[in-house]
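Below is one structure; the comments refer to it alone.
The values are calculated or read from the model by the stated rules, or taken from the named source; none is laboratory data. Since the model is a prediction, treat every value here as computed from it, not as a measurement. Virtual Cβ from ideal backbone geometry, glycine too; neighbours counted across all protein chains shown.
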């Protein structure tokens, strides 16, 4: 895991500008730094040494021919197999070390970028300069585990692993992008290829972009680039192909294949020349990954967990029981409001773009905890999106079924009646009640005619429809809708895999772990497992309002059923309570009129009304208020101007 950056500049201080970019993301690679320049292009690399700790893994790396220059962030897990494949074709290939970077560069030189990436099993973001063709190619892994930003600040091309690095470019005044900010206010994260800053873009997962040198000083928009961004792997194609074949797949055979792939994916991700451990929350996904990991280890693996003093949010006890069953050496730490208050001022710096998933707090702390003992961790992320694990799926499917089965006249009568019931509930219960809030959310959700809009409403917090001075449509238009997928469950899973997974979950994991120079690896997102999941019947994944059935069956081989068949709790802290208590003064400052007026789209009066009602226990607006607070904090830290 590393950090990369590059820019086009012929200024005398170009090296200084690149050094400043790298300095802003030094946490991504504190072990080594390297820079290369040629033809007005500068490439920089920060190394977190994981495989081949010698200078043979130094970057930027130049190919044996001298033609290609590579900066690369990530890991290629099948690099040994690729190395052997090249060796069979060219037994005398002059290897300099055993880093996966060298293998990747050799593969690209032999087969070309696209064919090489299709052979790779890994997570990565890279930039490759071809001296002969004078082209720069950017590429990103299939599921979006590693980030890559690019754009033309001040009219000259630049790229980096994190947005903050681009904001250090001299004589440039970045401004917020209104559509991206709308996403944050509604959902708590930025969706799609447009970043939070106008004119800076995020390369989509599983894609590559090649630019000629004569385009470096020619500013282009996303619309200009839409036909230039090439997918070397397509989630949609595998989803549609898999669904067409799902009716003929044998469930037991698919489960056996899944087990084999999981074992292989975990074993591949345990390759490292440094200490390795695992995040263990006590949930199904992390428990299964950790149990398999322990089977492939000759000694006790290190596992790490964060708990909460509030029992309603705490899974740490389950994690400890799982650790005892599988035999890992377990370390846990309990997160209190005091810990949160210490972390909160740093969140905008760490998460780079405005980001408001409150599980960012425990993810940060468990990363800090793990880094004291290991340099690499495996995590169970991806299981919910691949195998229908979120509790919201049952509610989405139930509402969608009603909306589609009810007659127009029934819906026409029901919606006004629901609005009246909501109003009556507010009048009869002066303080916050679960029933009144549920009625309000149900009323909101019955307005949607598209299942993806319904999905987004479950990600959004209570009150999200009221705090913006413009419509929610801006947040809905950032990513493409699933095509040729008829199953409602699969439509939701596809959208979560294409949107929520890379832009929320993987963004969070990358920034939290990298903040402490810790590499996180995600076995469940091995592309072979992703592809296999689309061959399973809906009922094999989700039935009787219970999801992740394949993972549950596999986990029962390692731990008692009582640890498998229990409600999902998630990993979020009690933000609602903390905002009314120890975080209240911090929130009051950010929710002042002066602070809120610096944000585009925000209805200042409505946000402040929500805050007052939240404090008075009339509503639980914790999630949407956290969205606003994280956005305010980010704007203040980055000193970003409003959108034009």
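Quick grid of which residues meet (1) out of contact with any strand residue (DSSP E or B) (no Cβ under 7 Å at 6 or more places or on another chain); (2) surrounded by fewer than 24 Cβ atoms within 10 Å (Cβ to Cβ):
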residue	(1), (2)
115	yes, yes
120	no, no
137	no, yes
143	yes, no
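Specify the residue that is surrounded by the fewest Cβ atoms within 10 Å (Cβ to Cβ); the eligible residues are those in the range 173-196 that are in a loop (DSSP other than H, G, I, E, B) and touching a strand residue (DSSP E or B) at 6+ places or on another chain (Cβ under 9 Å). Lay out the reasoning, then the answer.
Taking the range 173-196 first, the residues in a loop (DSSP other than H, G, I, E, B) are 173-174, 177, 188-193, 195-196.
From the residues that got through so far, the ones that are touching a strand residue (DSSP E or B) at 6+ places or on another chain (Cβ under 9 Å) too are 173-174, 177, 190, 192-193, 195-196.
Numbers: 173: 10, 174: 21, 177: 22, 190: 27, 192: 21, 193: 17, 195: 23, 196: 26.
Among residues in the range 173-196 that are in a loop (DSSP other than H, G, I, E, B) and touching a strand residue (DSSP E or B) at 6+ places or on another chain (Cβ under 9 Å), the one surrounded by the fewest Cβ atoms within 10 Å (Cβ to Cβ) is 173.
Taking the stated definitions as given, is residue 510 crowded, with 20+ Cβ neighbours inside 10 Å, within 22 Å of residue 189 (Cα to Cα), within 19 Å of the chain's Cα centre (by Cα) and at pLDDT 90 or above? Steps first, answer last, please.
On the way: crowded, with 20+ Cβ neighbours inside 10 Å: yes; within 22 Å of residue 189 (Cα to Cα): yes; within 19 Å of the chain's Cα centre (by Cα): yes; at pLDDT 90 or above: yes.
Yes.
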### Message
Out of the residues in the range 577-622 meeting the condition of being in contact (Cβ under 8 Å) with a residue 60 or more places away in the chain and closer than 19 Å to residue 339 by Cα, tell me which one is surrounded by the most Cβ atoms within 10 Å (Cβ to Cβ).
### Response
578
## Note on the structure
Apart from one, (1) more than 20 Å from residue 163 (Cβ to Cβ); (2) in contact with a strand residue (DSSP E or B) (Cβ under 9 Å, 6 or more places away or on another chain) all hold for residue 18; the odd one out is (1)
### Flag if residue 495 is touching a helix residue (DSSP H, G or I) at 6+ places or on another chain (Cβ under 6 Å) and closer than 27 Å to residue 119 by Cα
yes
#### Entry: Failed condition for residue 334, given (1) in contact with a helix residue (DSSP H, G or I) (Cβ under 6 Å, 6 or more places away or on another chain); (2) in a strand (DSSP E or B); (3) at pLDDT below 95
(1)
### Task
Test residue 549 against the stated conditions and say whether it is assigned by TED's automatic domain parsing to the domain that holds residue 381, touching a strand residue (DSSP E or B) at 6+ places or on another chain (Cβ under 8 Å) and farther than 30 Å from residue 49 by Cβ.
yes
## Note on the structure
Over the range 372-392, the set of residues closer than 14 Å to residue 279 by Cβ and in contact with a helix residue (DSSP H, G or I) (Cβ under 8 Å, 6 or more places away or on another chain) is 377, 378, 379, 380, 381, 382, 383
### Task
Output the number of residues of the range 197-218 satisfying the condition of being farther than 28 Å from residue 238 by Cα and in a loop (DSSP other than H, G, I, E, B).
5
### Query
Quick one: which helices (runs of 4 or more DSSP H) sit completely within the range 562-644 and have at least 1 residues that are more than 25 Å from the chain's Cα centre (by Cα)?
575-580, 584-590, 593-596, 604-615
## Note on the structure
Only unsatisfied item for residue 20, checking (1) under 29 Å from residue 350 (Cα atoms); (2) modelled with pLDDT under 95, is (2)
### Query
Somewhere in the range 421-433, is a residue surrounded by fewer than 23 Cβ atoms within 10 Å (Cβ to Cβ), within 26 Å of residue 552 (Cβ to Cβ) and either in contact with a helix residue (DSSP H, G or I) (Cβ under 6 Å, 6 or more places away or on another chain) or at pLDDT below 75 (or both)?
no
### Task
Output yes when any residue across the range 599-609 is at pLDDT below 90, more than 22 Å from residue 292 (Cα to Cα) and out of contact with any strand residue (DSSP E or B) (no Cβ under 7 Å at 6 or more places or on another chain), and no when none is.
yes
### Message
I want to confirm something. Restricting to the range 145-172 and keeping residues that are more than 22 Å from residue 70 (Cα to Cα) and out of contact with any helix residue (DSSP H, G or I) (no Cβ under 8 Å at 6 or more places or on another chain), which single residue is surrounded by the fewest Cβ atoms within 10 Å (Cβ to Cβ)?
### Response
155
### Query
In the range 353-392, what count of residues is obtained for those that are part of a helix (DSSP H, G or I) and over 19 Å from the mean Cα position of the chain (by Cα)?
3
### Query
Got a number for residues in the range 285-304 being buried (at least 24 other Cβ atoms within 10 Å of the Cβ) and at pLDDT below 95?
0
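May I ask you to say which residue of 255, 211, 203, 262 is surrounded by 13 or more Cβ atoms within 10 Å (Cβ to Cβ), closer than 27 Å to residue 507 by Cα and not assigned by TED's automatic domain parsing to the domain that holds residue 78? Talk me through it step by step, then tell me what you get.
Values: 255 fails: closer than 27 Å to residue 507 by Cα; 211 fails: not assigned by TED's automatic domain parsing to the domain that holds residue 78; 203 fails: not assigned by TED's automatic domain parsing to the domain that holds residue 78.
Within the list 255, 211, 203, 262, the selection yields 262.
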